[in-house]
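Enquirer: Right, I'll just put the structure down here and ask away after.
Quick note: the coordinates plus some simple rules give every number you see, no bench work behind them. Computed from a predicted model, the values in this text were never measured in an experiment. Virtual Cβ from ideal backbone geometry, glycine too; neighbours counted across all protein chains shown.
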Amino acid sequence: MEKTDLKKETERLLNDLPENADWDDLMYKIYVRQSIEQGLEDSAAGRLCSHDALKKKYQPA
């Protein structure tokens with residue numbers, strides 16, 4: 001993300017917060033946004049795991 005895009009997105013996140021928001025509310029929004037961005041980057045780079053592979057990995061033996 002370019003710096004200008006980051007500034008615009010940060011402003012949008014701030015504007016979406018209610019007036020009584022606190023730092024935790026802002027940090028949560030940033031965390032969620034960052035997680036989504038990372039997931040999209042992983043997907044675009046082919047770093048994926050199938051549903052069946054995940055089920056097999058976490059299924060009791």
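Enquirer: Scanning for something β-branched (Val, Ile, Thr), in a helix (DSSP H, G or I) and more than 16 Å from the chain's Cα centre (by Cα), does segment 25-32 turn up at least one residue? Break it down into steps so the answer makes sense when it comes.
Expert: We begin by selecting, within segment 25-32, every residue β-branched (Val, Ile, Thr); these are 30, 32.
With the extra rule that they be in a helix (DSSP H, G or I), the set shrinks to 30, 32.
Restricting the remaining residues to those that are more than 16 Å from the chain's Cα centre (by Cα) gives none.
No, there is no match, as no residue in segment 25-32 is β-branched (Val, Ile, Thr), in a helix (DSSP H, G or I) and more than 16 Å from the chain's Cα centre (by Cα).
Enquirer: Within the group GLU9, GLU37, which residue is touching a Lys or Arg at 6+ places or on another chain (Cβ under 8 Å), surrounded by 11 or more Cβ atoms within 10 Å (Cβ to Cβ) and assigned to a helix (DSSP H, G or I)?
Expert: Values: GLU37 fails: touching a Lys or Arg at 6+ places or on another chain (Cβ under 8 Å).
None of the others qualify; the one that does is GLU9.
Enquirer: Another question about this same structure. Give me the pairs, please: first residue somewhere in segment 27-49 and farther than 17 Å from LEU17 by Cα, second residue anywhere and part of a helix (DSSP H, G or I), beta-carbon distance under 9 Å, and either six or more positions apart or on two chains.
Expert: Listed pairs, sorted by first residue: ARG47/GLU41; LEU48/ASP42; CYS49/LYS57.
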